[in-house]
Amino acid sequence: MLVLILSGLSAVSFAGVGEGRGLYSAYCQICHGARGEGQTMGKPLTDNPAKRLMDQELVDVITDGRAGTGMVAWGGSLSDVEIFDIASFIRNLQGMPPLLLNDPNAPISDDPNALAGELLFNGSVGCATCHSYREKGGSVGPNLDGLTSRLDEAALLQALMNPSASIVSGYGAKEVEQGDGTIIRGRYRNDSELAVQIQSEDGRRWLTYFKERVTAIRDSDESLMPDTFARLSANEQQQLLAFLKSL
Ligand code: HEC
Ligand code: HEC
């Protein structure tokens with residue numbers, strides 16, 4: 001199934017309208033008309049009800065059809081990409097902007113600020129060591145897809161400027177103190193009568209400590225997230241924020 005991003009901010013691979021046109025005339029035109037004006041067996045695709053379909057709904061109706069009508073499901077005979085191309089051609093007939101496809105390799109946004117922020121996130125600032133979006137990145141901190149649907153501006157700024165002020169549940173840190181006094185911190189993962197398991201701060205290793213062999217195991221009220229953000233320049237902060245808001 002295709003996953004579409006519906007926001008105008010998101011990026012972007014535009015489908016080949018050319019291919020969509022050919023497929024449309026082969027399979028759809030007979031009922032919907034060459035210009036989407038509608039025919040006896042099918043309704044117009046350029047009227048308001050059809051224009052009001054969201055991108056995902058448009059793709060879904062072509063894929064799954066409308067039960068009990070002449071509009072059969074095309075998902076079995078056309079590939080996802082072909083359906084996407086046809087849907088894009090329909091948008092073209094409607095005089096509407098093209099569909100946006102969530103291509104995992106496409107940049108997240110066409111806003112230059114957000115693009116610069118994405119580079120910082122994955123590069124020098126190192127957020128991606130601990131955080132994922134679109135299924136890539138680390139797992140020490142929460143996945144950040146759809147971040148702005150759960151954090152408003154104030155909560156987002158607090159999470160960035162002062163990570164320990166409130167710690168996302170399930171992402172707390174444990175400290176293990178060993179006999180020689182060294183302390184290991186990491187994301188708390190598992191506990192049993194015998195042992196505690198934590199994920200190292202760089203996310204790479206899952207470490208098991210037997211309780212009888214360590215001096216102490218404590219919950220930490222300090223976030224594993226460093227306060228890197230607070231130390232960035234105003235410009236870099238703004239770029240990262242633009243990127244986070246586009247997720
Ligand atoms: C045999 C005739 C027929 C063919 C072929 C056909 N359709 Fe349809 N289509 C219909 C009918 C009838 C409806 C109206 C269904 C309903 O009552 O909701 C419809 C509805 C739709 C809708 C929803 C429009 C709206 O306003 O909700 C879209 C989009 C659509 N068709 C696209 C396509 C595409 C793309 C193809 C080719 C791959 C295609 N159809 C092929 C008969 C057809
Ligand atoms: C060493 C790992 C680590 C690094 C590096 C890191 N974070 Fe985090 N981050 C976490 C952890 C763990 C949490 C959850 C605990 C908390 O709330 O502080 C978190 C929480 C967050 C949250 C709140 C998420 C939510 O769902 O409420 C945001 C936003 C965030 N980080 C963004 C960033 C950004 C942007 C960077 C880069 C500047 C960054 N993080 C770097 C580990 C990290």
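Quick note: the coordinates plus some simple rules give every number you see, no bench work behind them. Everything numeric here is computed off the predicted structure, so don't read it as measured data. Here Cβ is always computed from backbone atoms with ideal geometry, including for glycine, and neighbour counts include all displayed protein chains.
Tell me what the chain gives for mean residue ellipticity at 222 nm when only DSSP H runs of n ≥ 4 count, each as -39,500 (n - 2.57), the sum divided by the residue total, rounded to 500 deg cm²/dmol. Theoretical 222 nm ellipticity from helices: -9000 deg cm²/dmol.
Farthest toward the positive end of the dipole of the chain, out of CYS130, SER169, VAL72, is the Cα of VAL72, where the dipole comes from beta carbon charges about the Cα centre.
Taking amide H atoms as placed 1.01 Å from N in the peptide plane, the amide H of LEU45 lies under 5 Å from those of GLU37, GLY38, each 5 or more residues away in sequence or on another chain.
Can you work out the FRET efficiency for the pair SER200 and ARG66, with r the C-beta to C-beta distance and R0 = 41 Å, to the nearest 0.05?
Calculated transfer efficiency: 0.20.
In the chain, Cα pairs under 8 Å separated by at least six residues give a relative contact order of 19 percent. Under a model in which nothing but the beta-carbon of Lys, Arg (+1) and Asp, Glu (-1) is charged, the chain shows a dipole of about 320 debye around its Cα centre. Charged side chains reduced to their Cβ positions (Lys and Arg at +1, Asp and Glu at -1) give the range 12-102 a dipole of some 320 debye around its Cα centre. Note on the chain: dipole from Cβ charges, positive end direction compared against PHE121, SER200, ALA87; the farthest Cα belongs to ALA87. Cross-link partners for LYS245 among the lysines, with Cα-Cα distance under 25 Å and sequence neighbours closer than 8 places in the same chain left out: LYS136.
Report note on the peptides 68-78, 84-94, 165-175, 109-119: ranked by the mean count of other C-beta atoms within 10 Å, highest first, their order is 84-94, 109-119, 165-175, 68-78.
Excluding same-chain neighbours fewer than eight residues apart, the lysines reachable from LYS211 by a Cα-Cα span under 25 Å are LYS174. Measuring how big the chain is from its alpha-carbon positions, Rg and Dmax come out at 25.0, 84 Å. Close amide H partners of SER109, meaning residues 5 or more places away or on another chain with modelled amide H under 5 Å apart, are ALA11. Close amide H pairs (under 5 Å, H built 1.01 Å from N) link SER132 with GLY138, ASN143, LEU144, residues at least 5 positions away or on another chain.
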